1. Can you pull the three principal axis extents for the Cα set of region 183-266, in Å, largest first?
2. Arranged from highest to lowest average of other beta-carbon atoms within 10 Å per residue, in what order do the peptides 63-73, 113-123 appear?
3. What order, most packed first, do the peptides 243-252, 97-106 have when packing is the mean number of other Cβ atoms within 10 Å of each residue?
4. Counting each pair of different Cα atoms once, what's the Kirkwood radius of region 67-226 in Å, rounded to one decimal?
5. For the chain, what is the charge dipole size about the Cα centre, in debye to the nearest 20, if Lys and Arg each add +1 at the Cβ and Asp and Glu each add -1 at the Cβ?
6. Mean Kyte-Doolittle of at least -1.0 plus a Cα span of 24 Å or more along the axis: flag which DSSP H helices in the chain meet both, please.
7. Using the C-alpha atoms of the chain, what convex hull volume per residue, in cubic angstrom, is computed?
8. Which percentage, to the nearest 5, of the DSSP beta bridges contained in the chain is antiparallel?
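Please treat every number below as a calculation from the coordinates, not as lab data. Everything quoted here is computed from the prediction, not taken from an experiment. Positions of Cβ are generated from backbone atoms using ideal geometry, with glycine treated the same way; all protein chains shown enter the neighbour counts.
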Amino acid sequence: MRTVDGARLEGGGQLVRTAVALAALGAEPVTIEHVRAGREAPGLHPQHVAAVRAVAGCCGAEVEGLERGSDRLVFSPGPLRRADQRVEIGTAGGIALVLQAWLPVALEAGGAVTVVGGTEVPLGPTIDFADRVLLPFLRAHGGEIRLDLRQRGYVPRGGGEVRVEVEPGRLRPIDAGRAENGSGAVSAAANLPRHVVERQLAAARGALEPAIGPLGTAEMDLRSGPSTGSSVTCWDGLRAGSALGRRGHPAEAVGREAADALLAELRLPGEVDRHLADQLLVYLARHGGAFTATACTRHAVTLLWLLEEFGYAIEHGPSPSGGEQFAA
C-alpha cells in the first residue's frame with residue numbers, strides 16, 4: 001500500500017484527484033493522509049468526494065474515509081472496467097475538476113459519466129475550457145470523447161449537468177503540434193437578459209481581435225436553469241482565459257477580464273498555457289512525449305512530485321526556445 005502526504009507542497013484537491021487516478025491506472029492501493037491539511041477548510045469537500053467516486057466506478061474500488069471533512073482516504077482499486085455512472089456533487093463544486101480525475105482512467109477503460117454540480121466556478125476551469133481546449137487536445141492524440149453540456153450551473157446553487165462518453169484506447173505520445181485548435185470565445189449565462197451575453201462577447205472580441213485577428217468561433221449560450229450566473233471563456237490555440245460574472249459587475253468587465261487573461265498567456269513563450277499544462281502531466285506520464293508551457297505552477301510542481309512517487313519520471317526545466325519544458 002502506497003502512502004501519500006496530502007498536505008505536501010500545494011496540498012489541495014488536485015493531489016487527491018490525481019493520486020486516486022494513478023492508483024486506479026496502476027492497480028495499486030493508496031492511502032492519502034493529512035488531506036488538504038494546510039487549507040482554510042481542510043479535509044475532503046463534496047467535489048473531491050465526487051471525483052473519487054467517479055474514479056472508483058471505473059475500477060470497482062473499495063474506499064475508506066470517503067466523506068465530507070475526512071482527512072484520510074484509503075483507495076483500493078480493482079481491475080479497470082467500462083462503467084456508466086451518474087455522480088452528483090451536491091453543491092456547485094466544479095464539474096470540470098471531477099472530469100479531471102475521471103478522464104485519464106476512462107480513456108483507458110472506456111465508459112461514461114454524468115456529473116451534476118457547477119459548470120463555471122471560482123478558482124477552477126470552466127466547462128468551456130474543458131470542451132474547447134482540453135478535449136480537442138486529447139482528441140488530436142487519439143482520444144474518442146464526446147461531451148454533452150446539458151445544463152449550466154453557477155455558484156451557489158449549482159445544478160449544472162454534463163455527460164461525457166469515452167471509448168477505450170491509448171493516446172499517442174503528447175505533442176502540442178498535433179493540436180490545431182483555432183481561436184474563439186463563448187459567452188454564457190443562465191437566467192439573465194440576452195444583452196448580458198451580447199455585451200460580454202462584444203467586450204471580449206473588442207479586446208482580443210486587434211491583437212490576434214478575427215475569432216474563428218464567437219458563440220453565445222443563454223439558458224434558463226436552476227442557478228443564475230454568467231461567464232466568458234476565450235482561447236487561441238492551446239491557451240485560454242476565463243472570467244465569471246458577479247452581482248454588480250458590468251458584463252463588459254467580464255468579457256475584458258477573460259480576454260486579458262488570455263492575452264497575458266499569449267505574451268509568454270510556450271506551446272500551452274499554465275493551466276492546460278497542469279492537466280496534461282498525467283497523460284504525459286502515461287503516454288510519453290513532450291510539450292512546453294508558459295509557466296510551471298505550484299500545482300505542476302506538486303504533480304511532478306506525486307508522479308515520481310508513483311514511479312513516473314518527467315524531466316522539466318527552462319526550454320531553449322522559451323517557456324517551461326516537460327518531457328517523458
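1. 35, 22, 19
2. Highest to lowest by the protection proxy: 113-123, 63-73.
3. Ranking, from highest mean packing down: 97-106, 243-252.
4. So the Kirkwood estimate lands at 17.3 Å.
5. In debye, rounded to 20, the chain gives about 580.
6. 194-212
7. 113 Å³
8. 70 percent
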